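Step one of this worksheet: look at the structure below.
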Amino acid sequence: MSTTVRVWDLPTRIFHWALVASVIDLVITAKLGGDAMAWHFRCGYAVLTLLLFRMVWGLVGGHWSRFRSFLYSPATVLRYLRGQGAPEHSVGHNPLGSGSVFALLGFLLLQVASGLFSDDEIAALGPLAKFASGAVVRAATFYHAEIGKLILLGLIALHLGAIGFYLLRKDRGLVVAMLHGDKTLPFTASDSRDDTKARLLATVVLSACIALVIWLLKQAE
């Protein structure tokens, strides 16, 4: 007997696709350079806002969106690699997927932070560069332009490869669940809370994150 479980709440789904769109915009505007860098910075601020939201939502969001639901011990990861995973590992992020998620969130945050302190001495000056020493600005600029972007592109490629693997080899459409939020499972599992009250809470959290980023940028004026 199969059951339908609400895995990804609406705020998590909106976050996911907004982040995808913003990262694509960041890559395009970085390649274009010139006047497009103004949009590159705007997209960077959007990503920062989204990441701040996700960090809070990882504490108060729906069950499967909370970090504690996919924070696994090394022993659990090893058992999963040996084919000894538990049924609940197939609901949200499994032990391997969780590592990818945390890596992407962490390196995206590092990329945005380095961009805020970067200065290419041509057309792109991070709003917080004036608060840092020359050595810090140079290090941030080098990391942002030469190292961080390569790490992120590699992680994104790995993420897409994993999605393709699960679709073609295991017949699991991970993208579909991130569109409508539900998964059909051969066992019962907890639903993520996704009611009006939860969505209002997400709106409040997002508004606070937007206000925080705006405040931060105003300090740099």
(message) Ratio of alpha-carbon Rg to the 2.2 N^0.38 Å globular estimate for the chain, to two decimals, please.
(response) 1.12
(request) Name the shape class, rounded, prolate or oblate, that the alpha-carbon gyration tensor gives for region 117-221, where a ≥ b ≥ c are the square roots of its eigenvalues, rounded holds for a/c under 1.5, and otherwise prolate holds if a/b is larger than b/c and oblate otherwise. (result) oblate
(message) Taking only complete DSSP H runs, can you tell me which helices of the chain stretch 20 Å or more along their own long axis by Cα positions and average at least 1.0 on the Kyte-Doolittle scale?
(response) 10-32, 37-60, 95-116, 149-168, 196-219
(message) Give the lysines whose C-alpha is closer than 26 Å to that of K197, dropping any in the same chain fewer than 8 places away, or say none.
(response) K183
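Where a number appears in this text, it was derived from the coordinates with a stated rule and is not lab data. Worth saying up front: this structure is predicted, and the values here are computed from it rather than measured.
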